[in-house]
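What follows is a set of notes on a single structure, which appears directly below.
The values are calculated or read from the model by the stated rules, or taken from the named source; none is laboratory data. Not measured: the values here are computed from a predicted model. Glycine also receives a Cβ, built like all others from the backbone with ideal geometry; neighbour counts cover every protein chain displayed. Remember, those area values only see protein heavy atoms, side chains included, never the ligands or the DNA or RNA. Shrake-Rupley method; radii C 1.70, N 1.55, O 1.52, S 1.80 Å.
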Amino acid sequence: MWAGRGRAAVSACALIALAGCGGSGGDAKELTVVMWGGDDQQKAVSAYVEPWGKEQGVKIKQDSPTDYAKFRAQVEAKKVSWGVVEVEPNFAVTACKSGWALKIDKAKIDTSKLDQKLVGDCAVPTLQYAFTIGYNTTVFSAQNHPKTWAEFFDTKRFPGKRGFWKYATGAMFEAALLADGVPADKLYPLDIDRAFRKLDTIKKDIVFYETGEQQQQLVSSGETPLIQAWNGRIFAAAKEGKPVANEWNQHLLSYDQLVIPAGYKRADLAQQWLNWFLNNPKAQAIYTNHSAYAPASDAALDYVNPDVRKEIPTSPENAPKRAAIIDYSYWADNYDKVSERLNEWMAQ
Amino acid sequence: MTAEAATAEPAAPAVRRGLPRLDRWGLLVLPLVGFLLAVLVWPLTAVLLRSFTDPEPGVENYLAFFHSPVYLDVLVNTFVTAGLVTLVTLLLGFPYSYLMTLASPFWRGVLMLAVLVPFWTSLLVRTFAWVLILRDTGVVNELLPGPPVPLLRNLPGVLIGMVQVMLPFAVLPMYAAMRGIDRRLLQAAEGLGARPAFAFWRIYAPLAVPGVAASALLVFVSSLGFYVTPALLGGPKNIMIGELIVQQLSGVLRWGFASALAVILLVVTGGLLMLMSRLVDLRRLLGGAR
């Protein structure tokens, strides 16, 4: 989801990473946690990593943002300095198949209380979020705005530009197919040709964004009054007083996962923390109350503030409005092919 | 023994002529050579090797370049964009540098600062600032009457962003070259009857050419590697090859193909520079002149 943020920050190190610029993981009692960076990471780490570190006497170190090239380079060079890494699930599948990530040992990490759809062979969920219809509330009213993806694609009834994330896993294909009448349970495997035909109908009105900050700018300025948004970004902008809101109907559920890179020396600490985190709903809820990204386990919902519950995808109010959950096993197999087609389509 | 010594003797001057003489000061160059070997030559070799070996040995990655038209299109767009950025930067930078040579020390400092301060600001911050200025509801369009002028997510947006980044690279070499030009030559030309414009064109401009060439080369080659600025200020049609390389490297993780794209960019750039050096004597332009 937030790789855009990472991508923008990818440095020249990416090339050097080919030759392996990983650090060393010593035997000291410390754990390095890697997420997408920024304020969100600070809040997440202070909510549910540092309390564990204090309790166990483990020094918590951080790095950011997640960069899959660095991840792979560290593992291949056998110099792994990242202990637990927040990734998109399609990368988790690829990393697991390629042997870059450690298998989840269910004897050490209790995943029984989680929704099993969110658990992979090498990955456990960190948070859940939704691709919602974000809209500008000065341009469209709470009564009269697109409430389905079909209406989102209807530029006659709802004129104005539409924003999509520019990467193939950004759910634009899922939204286009839903808008074109594909039943939600028949979405996968995606009919990419059909999705492009639907996207063609609004191509001149599409604005592609790269980062979460851009997403907030575009919709709150009214430049792109409708946007396929990450619910937490809209929540954060609304909290700052910007005229934006989430439409929850037909939202697409997604999630991020945590993986342990293969060859990390203190994998034992990483596993201990993951087990603590997944079975500590209170700590998960602290971060949810800040970000409106839903907690990994539903048990944490009890600790979420009522005003935030209205803005998260797994609450009893919003869960029934869900269209589908993004199928990342499809994306693990098709990301490169569809990305190439998307590049072609954009360049046309 | 004696025969050997006799044959060795006359050979010595030839050796001396062929190699530059290194005294102990020459050792000072070793750290730089070592550094370049470690951070340039070695990684580049690794990239080259990988482009032919990952995922399988062969030229598959180079064939993939032609598999879809998008890669060639993006490569062409990269060179066109870099060329346009170079042109605009030189057109803006030349009079600016000239003005700097005429200004009083105080105003020269101000001009220098104006071009350098953005240079010290984070690229991302600057790029986002341009978004705020150029967007439909941005500063520029609020001041202009009528419907908003599209300045963002298109070529003008990319050019504005990139030219600002590149301006110091154009101004500094040109200013350095122009500062060294003896202005009395212009007076002499005018004294001999040349009109000021003619004297400027025939006397001053040719002397400034080395600086202009250095600027052009620096700006053009640096522009080829941009991707954050075009990604944020350009539209889908303004994508540059750097962005595709990063996509392949960090997103899709096809490192062999990413390496092939990088090698293609490097080879085409090298080829273009060689072609240019055929047309104009680059070595003379870049400092051999004085």
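Annotations
- For A:LYS186, the conditions (1) open to solvent by 10 Å² or more (accessible area, probe 1.4 Å); (2) within 14 Å of another protein chain (Cβ to nearest Cβ) all hold with the exception of (2).
- Residue within segment A:249-268 that is more than 30 Å from A:CYS122 (Cβ to Cβ) and either in contact with a helix residue (DSSP H, G or I) (Cβ under 7 Å, 6 or more places away or on another chain) or open to solvent by 10 Å² or more (accessible area, probe 1.4 Å) (or both) present: yes
- Only one of the numbered conditions (1) open to solvent by less than 60 Å² (accessible area, probe 1.4 Å); (2) part of a helix (DSSP H, G or I); (3) more than 14 Å from every other protein chain (Cβ to nearest Cβ); (4) not charged (D, E, K, R) is violated by B:LEU113, and that is (1).
- Elements of type helices (runs of 4 or more DSSP H) in segment A:211-299, at least 1 residues being of a type outside the set (Gly, Ala, Ser) and in the same structural domain as A:ASP39 (by TED's automatic domain parsing): A:267-278, A:281-291
- Subset of segment A:74-108 that is surrounded by fewer than 24 Cβ atoms within 10 Å (Cβ to Cβ) and touching a Cys at 6+ places or on another chain (Cβ under 7 Å) - its residue that is nearest to the other protein chains (Cβ to nearest Cβ): A:CYS96
A quick yes/no check of all residues on (1) at pLDDT 95 or above; (2) more than 14 Å from chain B (Cβ to nearest Cβ); (3) open to solvent by less than 20 Å² (accessible area, probe 1.4 Å); (4) more than 30 Å from B:ARG50 (Cβ to Cβ):
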position	(1), (2), (3), (4)
A:ALA17	no, no, yes, no
A:SER24	no, yes, no, no
A:ASP27	no, yes, no, yes
A:ASP40	no, yes, no, yes
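- All of B:LEU99, B:LEU63, B:LEU44, B:LEU72 fail the test of being surrounded by 12 or more Cβ atoms within 10 Å (Cβ to Cβ) and under 26 Å from A:MET346 (Cα atoms), apart from B:LEU72.
- Scope segment A:320-341; condition in a helix (DSSP H, G or I) and either open to solvent by 50 Å² or more (accessible area, probe 1.4 Å) or at the interface with chain B (Cβ under 9 Å from one of its Cβ atoms) (or both); matching residues: A:PRO320, A:LYS321, A:SER329, A:ASP333, A:TYR335, A:ASP336, A:LYS337, A:SER339, A:GLU340, A:ARG341
- Only residues that are within 17 Å of the chain's Cα centre (by Cα), of a type in the set (Phe, Trp, Tyr) and open to solvent by 10 Å² or more (accessible area, probe 1.4 Å) were counted across segment A:118-165, and they come to 0.
- Test for A:ALA238: is it open to solvent by 20 Å² or more (accessible area, probe 1.4 Å) and of a type outside the set (Val, Ile, Thr): yes
- Residue check, A:ALA175 free of Cβ contacts under 8 Å to residues at least 24 places away in the same chain and open to solvent by less than 20 Å² (accessible area, probe 1.4 Å): no
- Condition met for A:ASP115 (farther than 17 Å from A:GLN271 by Cα and either surrounded by fewer than 21 Cβ atoms within 10 Å (Cβ to Cβ) or of a type in the set (Gly, Ala, Ser) (or both)): yes
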